[in-house]
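Presented below is the structure to which this report refers.
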Amino acid sequence: MMNTNTYHRFTVGHFDCIIVADGENTYRDASLFFVDAPENDVQDALNRHNLPAKDLDFPYTCIAVETAQGWLLVDTGFGPDRTPSAGKLVQNLRNAGIEPTDIQVIVLSHGHSDHIGGLTDVEGRLIFPNARYVMGKAEWDFWTNEDNLITIGWEDTIPFMKSKLLPIEGRLILVEQAEQDVLPGIRVVQTPGHTPGHLMVVISSAGEELWCTGDALIHPIHLEHPDWYTAYDIEPDLALATKREILKQASEENAHIFAFHFPFPGLGKIVQKGSNWHWQPV
Ligand SMILES: [Zn+2]
């Protein structure tokens, strides 16, 4: 079922923030998200969450933050003309009062198509022409090297990757350090595993913090089953270790979380429950 909410305003300290929906897709086979899990356990977990085993909805959700240097956007969604149920970021930004030309900085959590697809339009022009772009150096190096895409069996995506990533090359800041400030109060943290140079974005102001975890956390069920990984995790062992570290730290620090693929608006907290965790939407 399509979610009708398109944006959600809130604050982190002095920052005005808007969660903006890009849309969602329905995945026929839920097991893609839990590839190493026994089928019966997946069924039980889905049942507990009142979720179907087939046709699992999977949202795509970006966040815009108003800074003294203009609007910052984390990720760009699926992009135009790829699927009717997603690629609505620009339309929904406009609903929230933000024009594409207002965006000054875009942080790309990683190079998967649902995060970079909205970089360019169908003619290959930059959708956010005034933005500077921030991406992990390991991430950029991975997706712009055709050999890597062939190795993971994604050679079909080579033209797509080139069409999305090469236009931003001259406006790009590549992150090599474990943590790096992007703007005052906004920093990125290397969180590899889902992809080699995945970044989490931390927004801090006036004693409040929001961790935008990108695809380091993909589904709320993974909090209860932190050993389950998805078909989309490129380095599963590292993805699991990174996820555990985020879950442990976030629950200890009572951090606010924004998770790109969690049910809209994807805001909540991580609560420890025995040796695992669970998602508490806010
Ligand atoms: Zn994703």
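What follows is calculated from the coordinates using simple rules that are stated; it is not laboratory data. Being a predicted model, the structure only gives us computed values, none of them experimental. Every residue, glycine as well, gets a Cβ built from its backbone with ideal geometry; the counts of neighbours run over all protein chains shown.
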Q. Say each of residue 176 and residue 271 gets a label point 7 Å from the Cα, pointing the same way as Cα to Cβ; how far apart are those two points in nm?
A. 4.4
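Using the beta-carbon distance between residue 145 and residue 27 and R0 = 25 Å, what value does 1/(1 + (r/R0)^6) give for FRET efficiency, to the nearest 0.05? Present the calculation step by step, with values, prior to reporting the outcome.
Values: r = 28 Å, r/R0 = 1.12.
The computed FRET efficiency comes out at 0.35.
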Q. For residue 66 and residue 40, what does the FRET efficiency come to when R0 = 51 Å and r is the distance between their Cβ atoms, rounded to the nearest 0.05?
A. 0.60
Q: Would you calculate the volume per residue, in Å³, of the smallest convex hull containing every Cα atom of the range 73-213?
A: 120
Q. Within the chain, what percent of beta bridges assigned by DSSP are antiparallel, to the nearest 5?
A. 75
Q | Average Cα contact separation per residue, the chain, under 8 Å, 6 or more apart, as relative contact order % | A | 17
Q. With +1 on each Lys and Arg Cβ and -1 on each Asp and Glu Cβ, how big is the dipole of the range 1-135 about its Cα centre, in debye rounded to the nearest 20?
A. 320
Q. Mind checking the alpha-carbon convex hull of the range 79-128 and giving the volume per residue in Å³?
A. 84
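Taking 8 Å as the Cα distance limit and 6 or more residues as the minimum spacing, I'd like the relative contact order of the range 1-142 as a percentage. Spell out each step's value before the answer.
Values: 268 pairs, mean separation 31.4, N = 142.
Relative contact order of the range 1-142: 22 percent.
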Q.
How would 163, 275 line up from fewest to most surrounding beta-carbon atoms within 10 angstrom?
A. 275, 163
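Charges at C-beta only: +1 for Lys and Arg, -1 for Asp and Glu. How large is the resulting dipole of the chain about its Cα centre, in Debye rounded to 20?
660
Between residue 248 and residue 81, what's the calculated FRET efficiency when r is the beta-carbon distance and R0 is 51 Å? Round to 0.05.
On the way: r = 41 Å, r/R0 = 0.80.
For residue 248 and residue 81, the calculated efficiency is 0.80.
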**Q.** Projected area, mean over directions - the chain, Cα convex hull, nm²
**A.** 13.8
Q) Which lysines have a Cα lying under 18 Å from the Cα of residue 273, excluding residues fewer than 8 positions away in the same chain? A) 243, 248
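For the range 165-280, with only Lys/Arg (+1) and Asp/Glu (-1) charged at the beta-carbon, what is the dipole magnitude about the Cα centre, in debye rounded to 20? Kindly include the intermediate steps, with their values, before the conclusion.
Values: 7 positive and 15 negative charges, 54 e Å.
With Lys and Arg at +1 and Asp and Glu at -1, about 260 debye.
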Q) Over the range 145-282, what is the relative contact order in whole percent, taking alpha-carbon pairs under 8 Å and six or more residues apart? A) 17
Q: Please grab the % of Cα pairs in the range 1-96 that end up more than 20 Å from each other.
A: 49
**Q.** Selection from 90, 144, 255, by position along the positive dipole direction of the chain (Cβ)
**A.** 90
Q. Sorted by mean Cβ packing within 10 Å, highest first, what order do the peptides 126-134, 175-183, 47-55, 200-208 take?
A. 126-134, 200-208, 175-183, 47-55
Q) Along the charge dipole of the chain, Cβ charges K/R +1 and D/E -1, which of 201, 159, 69 sits furthest on the positive end? A) 69
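Regarding the range 166-282, what's the average projected area of the Cα-atom convex hull, expressed in nm²? Walk me through the numbers on the way to the answer.
Working: hull surface 32.8 nm².
So the Cα hull casts an average projection of 8.2 nm².
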